[in-house]
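Q: Just passing along the structure, written as structure tokens.
The values are calculated or read from the model by the stated rules, or taken from the named source; none is laboratory data. Only a predicted model underlies this, so the values are computations on that prediction, with no experimental measurement involved. With ideal geometry, Cβ positions are generated from the backbone for all residues, glycine too; neighbour counts draw on all protein chains shown.
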Amino acid sequence: MGGAVRTMEAEIAAGVKRSERAKRLMRIPTIGPIGASAIDCLLPNPHVFASGRDFAAWTGLTPREDSTGKTIKRGPITKKGDGYLRRLLVLGATSYLARVRRGQIKGASAWVLRMAAHPKRKLAAVALANKTARIAWAMLAKDTDYRAPAAALLEAA
């Protein structure tokens, strides 16, 4: 069984090396080869979505709203859309936040440091996954490379 998994991982890694979009997506700290290949396959045309928020909502990473009049109530994530992609984004965010907590990642942004210290780890991971989905959409829609937050770059220097 282990050999088959390694073979599939090698095939995915080879596919990522052939795709410029997937290679760019892998520059996002929370996305690895499997996540990059999944986004590359599932989002062939990013302009299908009007914004990164729409893409994040499609993956089911936005909070459910139950608002009336003046009161705004946000609940758990909707879990609509593609469960596989949502799972990959949340797992990547969970792993990244754990590495930040252990001090293995230097130069993380202040927002990521706050999320890493948040007592509700799953909530923090979903928030980071939501942000990652928006970043991935923006990169593909605007055909740009990943740029780390300016504050994180200054701290790392």
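Q: Considering only residues that are in a helix (DSSP H, G or I), surrounded by fewer than 17 Cβ atoms within 10 Å (Cβ to Cβ) and not hydrophobic (A, V, I, L, M, F, W, C), which ones fall in segment 116-133?
A: ARG121, LYS122
Q: Among the numbered criteria (1) surrounded by 12 or more Cβ atoms within 10 Å (Cβ to Cβ); (2) small (Gly, Ala, Ser); (3) at pLDDT 90 or above, which one does ALA13 miss?
A: Unmet for ALA13, out of (1) surrounded by 12 or more Cβ atoms within 10 Å (Cβ to Cβ); (2) small (Gly, Ala, Ser); (3) at pLDDT 90 or above: (3).
Q: Moving to a separate point now. Taking PRO119 as the residue in question, decide whether it is in contact with a Pro (Cβ under 9 Å, 6 or more places away or on another chain) and either touching a residue at least 40 places away in the same chain (Cβ under 8 Å) or farther than 20 Å from SER37 by Cβ (or both).
A: Values: in contact with a Pro (Cβ under 9 Å, 6 or more places away or on another chain): no; either touching a residue at least 40 places away in the same chain (Cβ under 8 Å) or farther than 20 Å from SER37 by Cβ (or both): yes.
No, not satisfied.
Q: Further, regarding this structure: For segment 55-94, name all the residues that are over 13 Å from the mean Cα position of the chain (by Cα) and touching a residue at least 40 places away in the same chain (Cβ under 8 Å).
A: ILE77, ASP82
Q: From THR144, THR132, which residue is modelled with pLDDT of 90 or more and farther than 21 Å from ILE77 by Cα?
A: Only one candidate passes the filter, namely THR144.
Q: Which residue is nearest to ALA133 (Cα to Cα), if the candidates are limited to segment 41-78 and must be out of contact with any strand residue (DSSP E or B) (no Cβ under 9 Å at 6 or more places or on another chain) and basic (Lys, Arg)?
A: Applying the filter and picking the extreme gives ARG53.
Q: Of the numbered conditions (1) in contact (Cβ under 8 Å) with a residue 40 or more places away in the chain; (2) out of contact with any Phe, Trp or Tyr (no Cβ under 9 Å at 6 or more places or on another chain); (3) under 29 Å from SER37 (Cβ atoms), ALA110 fails exactly one; give the number of that condition.
A: Unmet condition: (3).
Q: Considering segment 47-101 alone, what residues qualify as being over 16 Å from ALA124 (Cβ atoms) and aromatic (Phe, Trp, Tyr)?
A: PHE49, PHE55, TRP58, TYR84
Q: With respect to SER37, determine if the residue is hydroxyl-bearing (Ser, Thr, Tyr), more than 20 Å from ARG121 (Cα to Cα) and buried (at least 17 other Cβ atoms within 10 Å of the Cβ).
A: yes
Q: For segment 9-42, which positions are among the aliphatic types (A, V, I, L, M) and more than 23 Å from TYR96 (Cα to Cα)? Steps first, please.
A: If we filter segment 9-42 for residues that are among the aliphatic types (A, V, I, L, M), which is where we start, we get 10, 12-14, 16, 22, 25-26, 28, 31, 34, 36, 38-39, 42.
ALA14 - this is the single residue of segment 9-42 that is among the aliphatic types (A, V, I, L, M) and more than 23 Å from TYR96 (Cα to Cα).
Q: Could you pull out every one of the helices (runs of 4 or more DSSP H) wholly within segment 1-115 that has 3 or more residues that are over 21 Å from ALA148 (Cβ atoms) and in contact with a helix residue (DSSP H, G or I) (Cβ under 9 Å, 6 or more places away or on another chain)? Give the derivation first.
A: On the way: elements: 2-18, 20-25, 33-42, 52-59, 83-101.
Of the helices (runs of 4 or more DSSP H) lying wholly inside segment 1-115, those with at least 3 residues that are over 21 Å from ALA148 (Cβ atoms) and in contact with a helix residue (DSSP H, G or I) (Cβ under 9 Å, 6 or more places away or on another chain) span 2-18, 33-42, 52-59, 83-101.
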